[in-house]
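The structure appears right after this line, and notes come after that.
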Amino acid sequence: MGKLRIILTSAYVRGLIGQLVGTLLGIGFLEAIRGAMGLSPTGATFNLFGTEVAESSFVFGAIIGVIGFLSAAGVLTDWFKWMIGLKTPLNHGAPAGKPEWSRYLNVDVNHKVIGIQYGITSILVLLVGGIFAIIFRIELAQPGMQWLTNDQYNTLFSAHGIVMIASILLGVGAMTNYLVPLMIGASDMAFPRLNAFSYWVGVPSVVLILAGMAVGGWDTGWVGYAPLSLRAPLGVQLFLLGFWINGFSSIASAINVIVTTATMRAKGMTWFRMPIFVWAAVAASLIQFTATQTVGVALMMSIAERAIGLNFFSPVGGGNPILYQHLFWFYSHPVVYVFVLPGLGVISELLPVFTRKPLFGYKWIALSSLGIALVGFLVWAHHMFTAGMADSLRYLFMFTTMFVAIPTGVKFFSWVATLWEGKMSFETPMLFTLGAISVFLIGGISGPILGTVPTDLHLHDSYWVVGHFHATMFGGFIFPFFAALYYWYPKITGRMYKESLGRLHFWLMVPGFWVMSFGQMSLGIAGMRRRIADYEAGLGFEATHILVTMAALVIGWSVLIMVYNFISSARTQEKAATNPWRSRSPEWQIPSPAPEFNYDVPFEVVGDPYDYGLDESTYIQMAPAPAGD
Amino acid sequence: MGKYKHFIIVAVLVVLTTLGLKFLVFGPMFQLPVQASEQGVSIDTMFEGHFWMISFLFALIMVLVFYSAVVFRRKPGDETDGPHVHGNTALEIIWTVVPVFAVVGFGIWGGVTLKQLLSPVPDEMTIKVTGRQWAWSFQYPEYEDINSAELVLLKDQPVVLELSSSDVLHSFWVPEFRVKQDAVPGRTTTLRITPTMAGEYKVRCAEICGFDHANMLAPVRVLEQAEFTAWADERMNAPKFGEMTPEERGALWYSNEGFACEGCHTIDGTAATAPSWLSVYGRSEQLTDGTTVTVDDAYIRQSILDPQSQIVAGFEAVQMPADFGDQFSAKQAEIAATEGVEIDIINDIIAYMQTLK
Amino acid sequence: MSSMIANTHEEHAHSHELPWPEQLKANRLGLWLFMLSEVFLFAALLVARFVLWNDPVLGVVRPELSQELGLITTTVLLLSSFFMNRAETAMGQNDQKRFLSGLLTTAVLGTAFFIGVVVMEWNIFGLQGELFGIELFGHLRPSDGVISGIFFAMTGMHALHVLSGIVFIMIVWNNGRRGLYTQEKHWGVEACAIYWHYVDVVWVFFYPALYLIGTAVHAM
Ligand code: HEA
Ligand code: HEA
Ligand code: CUA
Ligand SMILES: [Cu+2]
């Protein structure tokens, strides 16, 4: 089969066609019913190929479209077969008669393939979100409207927010899927088909969000507050739907991670002998599989209020706009810890390797992940200090919010103690780890000032908040994610990335980031509101805005350097050593790339994971290989 | 020295770095706007406290990181491991408990300050604040319901703002006053401010509210007693609606005091978001469907009541709220009730438009 | 690009499923976690109900609904759970006949419940009728403001689960008819039963919240 043919018949292409066909069929179906019953549409109508289509038909079409994507891509095939009672053996390995690489373009159940699919999609989506940021940053560089309209600006920053968050969730999926089974000595995830579903359902959800930009866009930000969301153009509907569909991915993959960890650990691997990243993955999953449901409810209610006129949030019919915010933040606060916990796990994982020292306070770090996850559930209303909720809640949530600092602090202090007297070396992954610590630190300590209500009354919805969350998300996710990509790159590809380019990336991105984030914070203190397309001249914002925009371009270029590095190194670099970092972790004791089922012979855990500096100690022992193997 | 050498050096560096950060870095970088309200006093003190904590924590961690990176780093050729230290329970407990005190301290501080910000004070003046896409208006119930598009305040007079919204969420923020409060449709929220510095400021809507959120601003003037009384007297003696000419009323409705048409329609011929009203009456307009209409009474009435129905070419993304009909009826009913006169707001506006040549 | 998974040990490539007892353990845990996840969905709806159906004067309110209809549908659903239980134990005793009939009865009762909610309570066809003085069809409309909104949301979300449960039962019934389950190995049946009981339990919380708690009001 030719290359082109394989690409054109890949699951991505089939899926997208399926989504398009499904959407049109869905719209047509509901319109036909509506016509037959003589119903007049509630809500807005839209012009599609010259006919007026009701919004509810659009919603139905979008849902059928997602099902269309999944069916056409082949994600549901095994389940369909099971329904009619056929046997469904789990097919592993490359599809027969096709080259190995075609696996990555099709539905595959191997957790490493899925992890890589997640990772590449995450980077692509990051680039899309980054391009949006760069477009609107250029607009913000000067006061006055230069090359965007208000509508375009509003759509761009809203899309930037949600697209970036989708990218993070995909990146988290990449790390947990690829690493958890390898680290605990499992051959795959507990539910490989569900795992594939989790990844593939994310793709049409991102497509929906991007499509929303084409049908009018939306101006609500990524939070989609009612009642504004109830009046925004059709784009907001696709944004809500895309966000909602993405929830399925989160829930399914989180359950998979927990079950895999709970039931498939290697012999001798007790909970406190797992690599620390697994703890982080489990803690993040605990949040994901529960809290996601409540934002789902909030989104579904908004979708229904717009499409079929049920009333929940619009005060006109007696609804309560604050309820939306509670339901939304009950998920969307905890989810920020989903973003960072795996990232912090990567930091804890890499520090011992590059300092040649045991992880300081393993148990404390492990339990602090759980602590963050649990306290994280009790603080959501700190996003609503000015929203008009009861005053008693302001006091309550001020206190709970402050308490998240404590488990986070335990992590920081334990990291520092790990570094202390450690024999540090500075390869790219370590550089990004140190960068992550510094950046997440400033993100974290710009949080309590938002958590105390009196100061938040000034800072709320200002650029201080923007600076705060870019620092937390870069420090807690982007930097560790990049560290992880460099660190496990030899494991994934079997080759070494180019160290010089890696360092260049780091030394561009770190100063770029500091300028961007501190610039945003200082603007916020000075009174710059967020989510504004334009600001007046003469307020003293101009110089800082130019700096922030230039920093954005630097960050953008540095990310492109990384992408170039990864693509070119996979072809040209020499083969990497099996264990280039001299790590004790199980995944480095087997050949790179890892075999289809990870460990051809199961291993047994006989020591602690991070006993660097302890002579004669080993973490795992491979069982003697069966004869003839 | 000996064993403690490292710790002593680090301690000194942390102190120096904290001071350096506080005064040379964060100090210049994080500048609050001028402080123009009593509320700002306690809030700014709290900001100071936070900046100290930020400087200290940042110094503490970063000094330790850099120190370890420089002093203990791996020497070329060294393949050995570091010391085998697993952890230290006493240390872990210390760095769990000490921050507990810090955060509880800040929590109590925040609570006390917040209580003070929320507590009513005697002799407050009430002002009703209404947000709508994309303008603010202010009513003074204690001054015969003066209706104003600018917020005029009396220096050192505590006010309690009663905020509401007629459409979506907005948020009242004057950075110089520090405090902020959302305006929520369907309910009333309150905010207390005591301005302490005469001058001119701006209300800046701080909650995304759609298309023109960025420009949802309203002027604020803080006046001395004499000026304020003069302003209030002038506004209270302003002609009643019934005594105004339709043209005058039309101009009022057009302004932000009325229905904020000026937010989108200019009267100087420039047309950014919506057609300008300069010479609009009687003009021929090309519509999006290709037809041409003459702007007459019927067309104007139709365009106000149903903005989506006939759209002028070049303005496809219609942002105009569709509920002006309802807003007008409510206002007309109110005027009929208070003054006993029947007026037609759309006629006023048409009359006003005819004056714009 | 070189392959990112080493191709050693071809012979393993097509045969690597978890041993059954382990997979069963994983399945059970997975299902329970899913149920827990759904607790948050239904809890969020319940919370929304108590926030939205709250009148400044009357306190907690609820729509005026036909009590008889609610009681009948609830009974039907609870009864179905009993038959589901019968079916599952029958499978454990290898009683194929009782197993299949139990499943069918459950599905029929589930469908009756579904019709009770969607056709009668929602009255999607706009019908009218009385039986023994009981009004058979509801009168709430989607446009009745907040008093109807959350009613449709809660009953709708639950009905969706009932519907998927019925589909699930029919699939299991079909597979069972073809003898795909054995006394020892019938995870499909177990999962189906747990799911159905769960949907039942949810209704046990929803029913009082919709029909019993608070002062009855006409549309707000
Ligand atoms: C990865 C993401 C992430 C993370 C980890 C955090 C972490 C924290 N966030 Fe942040 N936050 C966001 C992402 C994140 N946030 C986003 C996206 C928004 C905006 C959403 C929107 O509106 O669009 C937001 C907004 C936001 C607000 C609302 C602001 C507003 O709109 O008015 C608040 C208010 O309390 C807040 C607080 C905090 C706190 C207290 C922490 C804490 O967890 C931080 C804890 C860490 C430390 C404190 C540093 C290390 C600790 C020590 C060294 C120990 C000693 C410390 C002390 C004694 C204090 N955040
Ligand atoms: C992980 C999450 C994430 C990431 C990585 C970023 C990255 C960036 N973000 Fe952010 N941002 C959010 C999450 C994120 N953002 C969220 C959630 C919001 C809130 C939205 C809301 O209010 O609802 C937000 C809002 C937000 C605002 C506020 C908008 C407003 O309120 O009006 C700003 C303004 O400066 C901004 C800027 C940037 C910039 C410059 C980058 C840069 O780092 C981007 C760097 C670029 C890349 C990584 C892409 C690589 C580059 C290319 C492919 C092109 C290269 C081309 C050239 C250089 C020409 N973002
Ligand atoms: Cu009003 Cu923003
Ligand atoms: Cu938060």
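The values are calculated or read from the model by the stated rules, or taken from the named source; none is laboratory data. Bear in mind the structure is a predicted one, so any value in this text is a computation, not a measurement. Neighbour counts are summed over all protein chains in view; Cβ atoms, including those assigned to glycine, are modelled from backbone coordinates with ideal geometry. Keep in mind that these areas ignore ligands, DNA and RNA; they rest on the heavy atoms of the full protein, side chains included. Shrake-Rupley method; radii C 1.70, N 1.55, O 1.52, S 1.80 Å.
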(request) Determine the relative contact order of chain A: mean sequence separation of Cα pairs under 8 Å and six or more apart, normalised by residue count, in whole percent. (result) 13
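Of the accessible area of the range B:189-346, with the probe set at 1.4 angstrom, what percent is carbon plus sulfur?
52
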(request) Would you compute, for the Cα atoms of the range A:410-471, the largest minus smallest coordinate along each principal axis and list the three values in descending order, in whole Å? (result) 45, 22, 10
(message) For peptide A:391-402, what's the mean number of Cβ atoms from other chains within 10 Å of each residue's Cβ?
(response) 3
(request) Provide the net charge surrounding A:GLY422, with neighbours chosen by a C-beta distance below 11 Å and charges set as Lys +1, Arg +1, Asp -1, Glu -1. (result) +3
(message) For chain A, what does the helix formula give at 222 nm: sum of -39500 (n - 2.57) over DSSP H segments with n ≥ 4, over the residue count, nearest 500 deg cm²/dmol?
(response) -21500 deg cm²/dmol
(request) Please give, to one decimal in nm, the separation of the simple spin-label points placed at B:LEU24 and A:SER392, each 7 Å out from Cα toward the Cβ. (result) 5.1
(message) Just want to confirm a number: the relative contact order over chain B, from Cα pairs under 8 angstrom separated by 6+ residues, in percent.
(response) 13
(request) For A:TRP415, tell me the accessible area in Å² from a 1.4 Å probe, rounded to the nearest 10. (result) 0
(message) Can you tell me which of B:TYR140, B:TYR281, B:TYR299 moves the most in a GNM of chain B? Springs connect C-alpha atoms under 10 Å apart.
(response) B:TYR299
(request) Compute the acute angle (0 to 90°) between the alpha-carbon long axis of helix C:20-52 and the principal axis of greatest extent of the alpha-carbon atoms of chain C; round to the nearest 10°. (result) 20
(request) Any chance you could look up the accessible area of A:SER302 with a 1.4 Å probe, heavy atoms only, rounded to 10 Å²? (result) 0
(request) Using amide H atoms built 1.01 Å from N in the peptide plane, name the residues 5+ places from A:SER462, or on other chains, whose amide H lies under 5 Å from its own. (result) A:ARG530
(request) Mind scanning A:LYS112/A:LYS357; A:LYS411/A:LYS491; B:LYS240/B:LYS331; B:LYS180/B:LYS331; A:LYS363/A:LYS491 and naming the pairs with a C-alpha gap bigger than 18 Å? (result) A:LYS112/A:LYS357; A:LYS411/A:LYS491; B:LYS180/B:LYS331; A:LYS363/A:LYS491
(request) With a 1.4 Å probe on protein heavy atoms only, work out how much accessible surface A and C bury together, total over both chains, in Å² to the nearest 100. (result) 4500
(message) Given the options A:VAL53, A:PHE29, A:VAL75, identify the residue whose Cα lies farthest towards the positive end of the charge dipole of the range A:1-87 (+1 on Cβ of Lys, Arg; -1 on Cβ of Asp, Glu).
(response) A:VAL75
(request) Identify all lysines with a Cα-Cα distance to C:LYS25 below 18 Å; exclude those on the same chain that are fewer than 8 residues away in sequence. (result) A:LYS267, C:LYS185
(request) Using Cα positions and a limit of under 18 Å, work out the aspartates and glutamates in reach of B:LYS3, with same-chain residues fewer than 8 apart set aside. (result) A:GLU421
(request) Hey, can you grab everything whose amide H is under 5 Å from the amide H of C:VAL217? Only 5+ residues off in sequence or another chain; H modelled, so Pro and N-termini drop out. (result) C:ARG62, C:GLU64
(message) What's the total accessible area buried between chains B and A, using a 1.4 Å probe, rounded to the nearest 100 Å²?
(response) 8000
(request) Report the local net charge at B:GLN327: Lys and Arg +1, Asp and Glu -1, summed over other residues whose C-beta lies under 13 Å from its C-beta. (result) -2
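Which whole number gives the average count of other chain Cβ atoms within 10 Å of the Cβ atoms across peptide B:163-170?
Taking all residues of B:163-170 together, the mean is 4.
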(request) Provide the net charge surrounding B:PRO158, with neighbours chosen by a C-beta distance below 12 Å and charges set as Lys +1, Arg +1, Asp -1, Glu -1. (result) -2
(request) With a 1.4 Å probe and every protein chain left in place, work out the accessible area per residue of chain B in Å², rounded to a whole number. (result) 45
(request) With a cut-off of 17 Å, note down the residues of the range A:324-367 whose backbone N falls inside the zone around a label point 7 Å from the Cα of A:PHE272 toward its beta carbon. (result) A:358-367
(message) Just want to confirm a number: the relative contact order over the range A:1-87, from Cα pairs under 8 angstrom separated by 6+ residues, in percent.
(response) 41
(request) For an R0 of 22 angstrom, estimate the FRET efficiency from the Cβ-Cβ distance between C:VAL108 and C:LYS185 and round to the nearest 0.05. (result) 0.25
(message) Per-residue Cβ counts within 10 Å, from other chains only, averaged over B:108-114: what number is that?
(response) 6
(request) Leaving ligands, DNA and RNA out of it, report the carbon-plus-sulfur percent of the accessible area of the range C:24-217 at a 1.4 Å probe. (result) 69
(message) Can you list residues from other chains, or at least 5 along the same chain, whose modelled amide H is less than 5 Å from the amide H of B:THR273?
(response) none
(request) For the range A:108-572, report the accessible area per residue in Å² (1.4 Å probe, heavy atoms, rounded to an integer). (result) 23
(message) Helix check for chain B. Which DSSP H runs span at least 20 Å along their own axis by Cα, with a mean Kyte-Doolittle hydropathy no less than -1.0?
(response) B:5-20, B:38-71, B:89-118, B:324-339
(request) Select from B:LEU13, B:LEU169, B:LEU118 the residue whose mean-square fluctuation is largest in a Gaussian network model of chain B (Cα-Cα springs shorter than 10 Å). (result) B:LEU13
(message) List residues of the range C:41-77, by number, whose backbone nitrogen lies under 18 Å from a label position 7 Å along Cα→C-beta of C:ILE134.
(response) C:64-77
(request) Provide the FRET efficiency to the nearest 0.05 for the B:THR291-B:THR126 pair, computing r from the beta carbons and using R0 = 51 Å. (result) 0.50
(request) For the range A:1-87, report the accessible area per residue in Å² (1.4 Å probe, heavy atoms, rounded to an integer). (result) 56
(message) Tell me the carbon and sulfur percent of the accessible area for the range A:357-510, rounded to whole percent, probe radius 1.4 Å.
(response) 77
